[in-house]
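Presented below is the structure to which this report refers.
The values are calculated or read from the model by the stated rules, or taken from the named source; none is laboratory data. All of these numbers come straight from a predicted model, not from anything done at the bench. Note that we place each Cβ from the backbone using ideal geometry, even for glycine, and neighbour counts take in every protein chain shown.
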Amino acid sequence: MPIIPKRQPGEFTQSDFGFLTAMRGSDVLSPSTVFGRRSEPMPRQVTVGTETHDLADIPVVDYSREFWFEYFRKEAFTRLQSAPPADKAALLAFFNKAFVRPDSFRADLSDHRYVIPRGPFERIFVSPEDNNILRNALRALLNLGFSSIEAGASGQAVVSNQALANRVAVVDKATPDMFRLVWRGSERSWENVRQHGSAAAARFEPDALRWNMREPWHPLSDPAIRNRIHFRNTQNDNCLFTTVSVTDDWKCALCYPKIEQNSDFLGIRQALAAGRSLEAQYRSAPPGRIGKVTFGAGGLGRVEYRMVSVTRIAVLVLDGLVVDTGRAQQDYNPDARYPEYGTHSVAGSNVFGMLEYVRLFHGPTDDDGFTAYHVPAGTRLVTEAEVLAAFGDARAVVDYFPKIVSAVTEARVNRLGLKWIPTGTEEIKPPLDYWRRIEFANGTVLSR
């Protein structure tokens, strides 16, 4: 009969994967959320065995080690018990390095599912050996929670998750029955998009460096891993960092970038929550984010302070590896389809038009929506010669160019109230009045 080693005080073992799987989203790094469900305050210290440990939340700073742990963990935690032995070993090494197992750790009571953080990860994972432990754990979570998609040696799609495989295709843009125009929203200029195209953040060096994706502890520091498209299995959605997301609905593209994806707006929201109005933040806010808006027409002369963004929606053609994200979502929930696709990258030569909109936000969250105002001077459209060069076939001028012109024309709307919803967009009526002038604290002025 095998001898089972005795558990050391505070140690995690294989038997704890069921407990860890049962923990709620933020509980791992925030024990205060667990104690918030109890009738007692969270103690400042907890004794395990004969040792006393401080008990405190660990802040999650954007793109820190904790941020990346949370990003991968959200997709993988429900699958911990089914992890292969090597991944379980990597995760056990990580948990025993970063956390202490409390004596009262119980899966059957939600207010007892907590762990004791040993401290901020930057103080825990310091040496090359420590970085290996963190990287191996994050890679294990990536393996468990994400499907990977890449091009095989003969050009076919290789998908790690067979349930997703029938929603993945290799698209040839010049093949008539594969030709599909889609949209992508951003704040980038026409010249920038046409020159550089769109790459996922993990493969765009400035973002990858700024967001710590080249650190030795990060799994996407491995070129073989970051060159794949990844799909989030729990949320049934594209990976935010290895996949370029596009939509066949221009109104959906107009919702991006969302407030929740913009660090400038998140800072403004935090200040609002602390009691500082938009007017009070006007002079200290990041340039171009809070405007002093003078309305015309029905609101003639009225002045309001609003969160502002200039969004540009680009129309482009799909080419290469493509995930039909919306259909993949519908496979799990017939009512959950969002009109979205995921692709590896977009060549600048495959971008054929752009429209510019000024968005005035109705409130501090994406649920509040916005009113978008078309800026005619920002409209761009390629020439027939550029379409011919992109496809290398004279038929493109006859068959595809008119479709591009039609798509741009359809998306040219003077004023529109919208908000993002999980299945697309919802129109807001009435929209805000037409604005006459928007002034920013840095001296920039927009006028109509």
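Table for the structure above
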item	result
In segment 294-312, residue modelled with the lowest pLDDT [restricted to those that are in a loop (DSSP other than H, G, I, E, B) and exposed (fewer than 14 other Cβ atoms within 10 Å of the Cβ)]	L300
Criterion violated by D368 - all others in (1) out of contact with any strand residue (DSSP E or B) (no Cβ under 8 Å at 6 or more places or on another chain); (2) surrounded by fewer than 15 Cβ atoms within 10 Å (Cβ to Cβ) satisfied	(1)
Qualifying positions in segment 202-224 - in contact with a Ser or Thr (Cβ under 8 Å, 6 or more places away or on another chain) and either surrounded by 17 or more Cβ atoms within 10 Å (Cβ to Cβ) or aromatic (F, W, Y) (or both)	A202, R203, N212, M213, E215, L220
Among residues of segment 273-288, those that are in a helix (DSSP H, G or I), over 27 Å from the mean Cα position of the chain (by Cα) and not aliphatic (A, V, I, L, M), counted	1
Elements of type strands (runs of 3 or more DSSP E) in segment 313-429, at least 1 residues being at pLDDT below 95 and either at positive phi or in contact with a Cys (Cβ under 8 Å, 6 or more places away or on another chain) (or both)	320-323
Pair list, Cβ under 6 Å, 6 or more apart: segment 136-163 residue touching a residue at least 60 places away in the same chain (Cβ under 8 Å) and within 16 Å of V323 (Cβ to Cβ), other residue of a type in the set (F, W, Y) and part of a strand (DSSP E or B)	S147/F231
Test: residue in segment 398-420 that is in contact with a Ser or Thr (Cβ under 6 Å, 6 or more places away or on another chain) and closer than 30 Å to A336 by Cβ	yes
Criterion violated by E129 - all others in (1) in a helix (DSSP H, G or I); (2) crowded, with 16+ Cβ neighbours inside 10 Å satisfied	(2)
Which numbered condition G291 misses (of (1) in a strand (DSSP E or B); (2) small (G, A, S); (3) under 27 Å from G197 (Cα atoms))	(3)
Close pairs (6 angstrom Cβ cut-off, 6 or more residues apart or separate chains): within 21 Å of C255 (Cβ to Cβ) in segment 186-201, among the aromatic types (F, W, Y) anywhere	A201/F241
Enumerated helices (runs of 4 or more DSSP H) restricted to segment 23-104, each holding at least 3 residues that are among the hydrophobic types (A, V, I, L, M, F, W, C)	65-76, 85-98
Flag if V293 is in contact (Cβ under 8 Å) with a residue 60 or more places away in the chain, of a type in the set (V, I, T) and over 30 Å from F179 (Cα atoms)	yes
Exclusive hit being β-branched (V, I, T), at pLDDT below 95 and under 25 Å from R184 (Cβ atoms), set T247, T234, T243	T234
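Yes/no per residue for (1) in contact with an Asp or Glu (Cβ under 9 Å, 6 or more places away or on another chain); (2) buried (at least 18 other Cβ atoms within 10 Å of the Cβ); (3) of a type outside the set (S, T, Y); (4) without any contact (Cβ under 8 Å) to a residue 24 or more places away in the chain:
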{"position": "R24", "(1), (2), (3), (4)": "no, no, yes, no"}
{"position": "V34", "(1), (2), (3), (4)": "yes, yes, yes, no"}
{"position": "R37", "(1), (2), (3), (4)": "yes, no, yes, no"}
{"position": "G49", "(1), (2), (3), (4)": "yes, no, yes, no"}
{"position": "T78", "(1), (2), (3), (4)": "no, no, no, no"}
{"position": "K88", "(1), (2), (3), (4)": "no, no, yes, no"}
{"position": "A98", "(1), (2), (3), (4)": "no, yes, yes, no"}
{"position": "I116", "(1), (2), (3), (4)": "yes, yes, yes, no"}
{"position": "F121", "(1), (2), (3), (4)": "yes, yes, yes, no"}
